[in-house]
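Since the structure comes first, as structure tokens, the remarks are kept for the end.
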Amino acid sequence: MERLEQKYTVMINAGLALERSIKKYNQPPAYADQEDRAAYETTLIKRFEPCYEMTWKFLKIYLKQNFGTETIGSKDVFRQCLTHKILGEAEVAQLLAMIEDRNLAAHDYDQEAAGVLCSKISSMYYPILNNTVDSFLKS
């Protein structure tokens with residue numbers, strides 16, 4: 001159980017760092033120029049990556065400890081969360097879409113794609129990751 005609690009703490013901290021980056025991205029200082037905006041985008045994407053990683057790795061340990069379920073990779077983890085009714089269908093669909101965008105960002109970076117990804121992180125992916133965390137806070 002200690003390992004699960006440790007992963008949970010790391011997941012929470014990653015989420016808080018992502019939240020700070022989203023605020024900065026959504027409300028840049030008045031003096032921010034295009035170069036500053038690009039830096040905010042890069043920071044947001046870089047903070048999204050560990051938040052995503054810590055969330056699925058936490059869920060992987062949770063599934064193993066609570067259901068004895070072995071999983072391989074994030075897609076399997078999210079699908080098993082649906083099977084065990086930890087997450088709903090809509091949440092899992094969003095999480096699976098998030099994997100694809102995260103993989104694109106990690107392997108093929110361009111400024112236009114970064115802007116689109118930042119918008120998705122801010123409006124779709126952070127809320128689903130945050131709701132996933134919140135569901136464990138309530139239980």
Could you check the stretch 65-83 and list, in sequence order, the residues that are modelled with pLDDT of 95 or more and over 20 Å from the mean Cα position of the chain (by Cα)? Phe67, Gly68, Thr69, Glu70, Thr83
If I filter the stretch 79-95 down to residues being free of Cβ contacts under 8 Å to residues at least 40 places away in the same chain and either of a type in the set (D, E, K, R) or within 22 Å of Lys46 (Cβ to Cβ) (or both), which single residue comes out as surrounded by the most Cβ atoms within 10 Å (Cβ to Cβ)? Leu95
Six or more apart or on different chains, Cβ under 9 Å: which pairs go from a residue in the stretch 25-41 that's closer than 16 Å to Ser123 by Cα to one that's part of a loop (DSSP other than H, G, I, E, B)? Could you list them? Tyr40/Pro28; Tyr40/Ala32
All but one of (1) in contact with a Leu (Cβ under 8 Å, 6 or more places away or on another chain); (2) in a helix (DSSP H, G or I) hold for Ile86; state the number of the condition that does not hold. (2)
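The values are calculated or read from the model by the stated rules, or taken from the named source; none is laboratory data. It should be emphasised that the depicted structure is a prediction, and the values quoted were computed from it without experimental measurement. For neighbour counting, all protein chains shown are included, and Cβ atoms are generated from backbone atoms with ideal geometry for every residue, glycine included.
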